[in-house]
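The values are calculated or read from the model by the stated rules, or taken from the named source; none is laboratory data. These figures come from a predicted structure and were not determined experimentally. Every residue, glycine among them, receives a Cβ derived from its backbone with ideal geometry; neighbour counts consider all protein chains shown. We work out accessible area using only protein heavy atoms, side chains counted, and drop any ligands, DNA or RNA first. Shrake-Rupley method; radii C 1.70, N 1.55, O 1.52, S 1.80 Å.
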Amino acid sequence: MTSITTQDYTIHFNTDGYDKLNTFLKTRKYSKLFFLVDNNTHNHCLPHFLSQISTDKEIEIIEIETGETHKNIDTCSGVWNALSELNADRKCLIINVGGGVVTDLGGFVASTFKRGVDFINVPTSLLAMVDASIGGKTGVDLGALKNQIGVFNTPKMIIVDTAYLNTLPQLEMRSGLAEMLKHGLIHNKLYWSRLEDLSKLTLEDLDDLIHESIIIKKDIVEQDPNEDNLRKTLNFGHTLGHAIESYYLSRTDKPTLLHGDAVAIGMILATFISTQLTGFSEKENAMIKKVIKAIYGSVEISENDYAPIIELLKYDKKNEHGHINFVLLEAIGKPKIDCQVDNELIIKALNFYKE
């Protein structure tokens with residue numbers, strides 16, 4: 001896979017990425033290297049990464065707890081304190097080795113420590129490779145509310161090594177696939193169709209699809225880096241998806257939903273709403289629901305859950321002037337932003353999901 005150059009940084013792939021990183025480290029006078037990992041990536045990914053790099057810089061490792069529930073300001077405070085205790089200065093480099101929680105939180109920590117230090121993202125999950133680590137969004141959750149605190153800031157480079165996917169549980173792979181499906185629905189019908197039947201895909205196919213997914217997101221972000229217009233399309237499925245994810249995170253009587261599982265539900269809901277508001281094909285709506293449910297199954301959502309899920313929509317980052325804004329589809333590859341949806345239609349969509 002060839003490198004992908006953005007306006008601010010380059011995304012390198014597999015072994016070429018380590019060559020580029022080693023050259024980068026030789027030419028930069030960093031005082032010290034800090035590796036941010038979680039429990040899992042410390043054990044399963046960091047040894048491979050360290051075996052690939054060559055540097056005479058002092059190395060320190062900072063570990064955080066695994067999981068979305070630890071993506072918060074308390075964890076940031078712990079990392080900031082660790083950096084201070086380990087004598088990090090403004091010339092240090094933070095390398096985030098992990099999934100979306102690590103790259104989101106690590107980017108935010110780096111962007112705010114001593115008013116900003118350099119960082120590099122090394123995504124180790126499919127979700128982080130195709131979405132979380134790309135595009136310069138950094139941040140953490142506020143309680144159960146997703147990504148409420150953060151800044152836009154870009155890494156010095158990103159290294160995507162698909163060998164790390166061998167360490168992922170199948171559920172995490174499935175979670176990342178949701179963002180790839182989203183890229184097909186908002187951008188390219190041919191790309192969506194290549195993902196419809198996963199049984200036909202080889203590992204080489206997956207590498208190519210990851211590369212293409214990153215290009216789709218990169219192209220959208222470059223046209224609208226601060227999410228004023230076109231970049232909002234990347235939130236397809238996320239308005240209700242985030243609300244459902246937050247609701248399930250806050251409830252001890254509910255299963256914890258991975259991000260991609262929640263977004264998969266959100267895409268089914270948004271596609272149904274599109275048939276009611278934007279003229280989206282009912283035939284393709286049924287097909288999309290069938291494809292997504294074949295991959296993700298069904299999550300039980302009772303009618304008692306509807307009201308608290310809808311209440312959480314008011315915290316969505318796309319909201320403006322008190323209006324809750326959805327991304328809908330006029331057709332596959334033709335999204336429409338800033339659509340307002342009433343609660344009655346949201347309830348109809350939730351009932352459609354359960355059918």
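Couple of notes before you dig in:
- Under the criterion of Cα pairs below 8 Å and six or more residues apart, the relative contact order for the chain equals 14 percent.
- Between 0 and 90 degrees, the angle of helix 303-312 with respect to the longest Cα principal axis of the chain falls at about 50 degrees.
- Estimated inter-spin distance, Asp207 and Gln223, nm [label 7 Å along Cα→Cβ]: 3.0 nm
- Computed in the context of the full set of protein chains, the accessible area of the chain at 1.4 Å probe radius has 48% of its extent on carbon or sulfur.
- Net charge, Thr55 excluded, C-beta distance under 11 Å - Lys, Arg +1, Asp, Glu -1: +2
- Translational D in µm²/s for segment 202-270 (Stokes-Einstein at 4 °C, 1.567 mPa s, Kirkwood Rh from C-alpha pairs): 94 µm²/s
- For Lys20, the lysines whose Cα falls under 21 Å of its own Cα, not counting residues fewer than eight places away in the same chain, are Lys29, Lys32, Lys57, Lys91, Lys156, Lys218.
- Accessible area per residue, Å², the chain with all protein chains present, probe 1.4 Å: 43 Å²
- Taking all Cα pairs closer than 8 Å and separated by 6 or more residues, the relative contact order of segment 168-264 comes to 35 percent.
- Surrounding net charge for Ala178, when Lys and Arg each add one and Asp and Glu each subtract one, Cβ distance under 15 Å: -1
- Separation of the alpha carbons by more than 25 angstrom is noted, of Lys232/Lys254; Lys71/Lys314; Lys217/Lys254, for Lys232/Lys254; Lys217/Lys254.
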